[in-house]
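Below is one structure; the comments refer to it alone.
The values are calculated or read from the model by the stated rules, or taken from the named source; none is laboratory data. What you are looking at is a predicted structure, and each value in this text was computed from that prediction instead of being measured. When we count neighbours, we look across all protein chains shown, and the Cβ atoms used for this are built from the backbone with ideal geometry, even at glycine.
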Amino acid sequence: MRPIIKKTEEIYSAHSLEKQKKRYEALEEGFSGYFGEHKKLRFFSTPGTTEICGNHTEQNCGKVFAAGVDLDIIAAAEQTDDGFVTIKSEGLPEDKIDINDLDVRESDKNNSSGIIRGVLKEFKNNGHNIGGFRAYTASTLFRGSGLGSAAAFGVLTGIILSNLYNDGQLRPVTLAAASKFAEENYFQRPCGLTRAVSCASGGFTSIDFKDGDTPIVEEIRCDFDKFEHALCIIEVDKTPKLDLEKLYRQVSGEMRAIASYFDCENLRSLSLDDIMLNIGDLRKNFGDRAVLRAIHFFRENDRVEKVAHALLNNRFEDFLSSVRESGNSSFKYLQNVYSPDDIFHQSLSVALHTAEIALHRRGACRVHGGGFEGTIQAIVPLDELTQFKMYMEKIFGIGACHVMTVRSVGTCEVEDVKLV
């Protein structure tokens, strides 16, 4: 396998190229200002990600359709021989990890140091080379957005190690697996593999988790710009924070409970017909919500295939229709738009209604990420974008609507940074 190295014009759109070059210039200045002199810096970039379809299906070995976005984390890195990985992220404290001390620490929980240490450990577990480096990073991803900032940081750490110490031979899915390992075991937050795979791969990806942690990843080659729509992520949540881990466990747990009725570990081994033929017993034994969530799972898997097929055949209206169906299913059947423990706060519901009004029956909108709080996603016609952004921000605040597009390139080393 050839190292993943790309030119800036392959990564960024023409209209943003000068802005991106200035970002890399500031990154070099940040590295020099923090670490001092350097011999030869190497530059890296990892995109954020957005789930388009496949809401809460991965944990039951389902299918997901995701896309890399043009917001990213970038790094200036230099190999060292001191036995430490030292990363200074703009605006955050330094992380310094001894590559010979990779045991789990309580201080790594919910900390970027846990991502770094965990990636190093997983590289070592799998016989890959590790070594010291120092890096300065900057990010346009915003936290709590569902854009996979933790996954992107893990994949970024992995691509640096791959290109500095492993001749760039590690595949994107291998980098994604290391990031997931770190997030689950060191950062100590339950997570799937979807976000890391999408960050590593870029573009549109259809991911089939039939075999669990060894997914089938299909790149869906498509020039999203030609459809003249923008991806928007709208920050809407101003409510008290929920116990999201509990809510997410309930979703996957109720699906697996339905599967257990058939002596199966997960829903992927079954079909919607199995549910409907036994719906009376299932409702009695597990409750209506669990049944509805199982129904969502099967229909969502079908929609992932429809979404991929529509894009491959340039049927954009069919693509939008399936995205809208996914959002409706999440609201009605999966039920992850608001918490039943806090019916007073339903900001995502308000945001979805607002977006539907602003879109004038065009585009699409849906809950984004795990749901219950945080953000919604909208696919907005460019000729409506200015008014849509103004309308949403009138209600949810200036800067709440983040406009982006699909980035075709996944994690990579940036070959030709020419500092302006």
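Okay, residues lined up against (1) over 23 Å from the mean Cα position of the chain (by Cα); (2) outside the structural domain of R249 (by TED's automatic domain parsing); (3) of a type outside the set (V, I, T):
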site	(1), (2), (3)
I357	yes, no, no
R361	yes, no, yes
G370	no, no, yes
G374	no, no, yes
V380	no, no, no
E393	yes, no, yes
A400	no, no, yes
Subject >> Subset of segment 285-333 [farther than 23 Å from D223 by Cα, in contact (Cβ under 8 Å) with a residue 40 or more places away in the chain and not small (G, A, S)] >> reply: R289, L292, R293, H296, F297, E300, N301, K332, Y333
**OP:** Filter segment 61-82 for residues that are within 16 Å of S206 (Cα to Cα) and more than 13 Å from the chain's Cα centre (by Cα) and give the result.
**Re:** C61, G62, K63
**OP:** For D237, indicate whether it is surrounded by 17 or more Cβ atoms within 10 Å (Cβ to Cβ) and in contact (Cβ under 8 Å) with a residue 60 or more places away in the chain.
**Re:** yes
**OP:** Go through segment 378-408 residue by residue and tally those that are of a type in the set (S, T, N, Q) and either surrounded by 24 or more Cβ atoms within 10 Å (Cβ to Cβ) or in contact with an Asp or Glu (Cβ under 6 Å, 6 or more places away or on another chain) (or both).
**Re:** 1
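Here is a yes/no grid of residues against (1) under 17 Å from the mean Cα position of the chain (by Cα); (2) outside any loop (DSSP other than H, G, I, E, B); (3) in the same structural domain as A26 (by TED's automatic domain parsing); (4) of a type in the set (F, W, Y):
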site: N129; (1), (2), (3), (4): no, no, yes, no
site: Y136; (1), (2), (3), (4): no, yes, yes, yes
site: L147; (1), (2), (3), (4): yes, no, yes, no
site: A150; (1), (2), (3), (4): yes, yes, yes, no
site: F153; (1), (2), (3), (4): yes, yes, yes, yes
site: L170; (1), (2), (3), (4): no, no, yes, no
site: E183; (1), (2), (3), (4): yes, yes, yes, no
Original post:
Can you name the residue in segment 13-38 that is loosely packed, with under 14 Cβ neighbours inside 10 Å and charged (D, E, K, R) and is also farthest from V409 (Cα to Cα) among such residues?
Top reply: E37
Subject >> Candidates G370, G374, G399, filtered to the one that is within 26 Å of S149 (Cβ to Cβ), in contact with a helix residue (DSSP H, G or I) (Cβ under 6 Å, 6 or more places away or on another chain) and at pLDDT below 95 >> reply: G370
Subject >> Unmet criterion (only one of (1) touching a His at 6+ places or on another chain (Cβ under 9 Å); (2) surrounded by fewer than 16 Cβ atoms within 10 Å (Cβ to Cβ); (3) polar (S, T, N, Q)) for S339 >> reply: (2)
Original post:
Restricting the first residue to segment 337-363 and requiring it to be within 19 Å of C401 (Cβ to Cβ), which pairs with a second residue that is part of a helix (DSSP H, G or I) meet a Cβ separation below 6 Å and a spacing of at least six or different chains?
Top reply: V337/F331; V337/L348; V337/S349; T354/I395; A358/F388; A358/Y391
**OP:** Check R143 against each of (1) surrounded by fewer than 21 Cβ atoms within 10 Å (Cβ to Cβ); (2) over 15 Å from A76 (Cβ atoms); (3) of a type outside the set (S, T, N, Q); (4) touching a strand residue (DSSP E or B) at 6+ places or on another chain (Cβ under 8 Å) and name the one condition it does not meet.
**Re:** (4)
Original post:
Which of the residues belonging to segment 95-112 are outside any loop (DSSP other than H, G, I, E, B) and modelled with pLDDT under 95?
Top reply: E106, S107, D108, S112
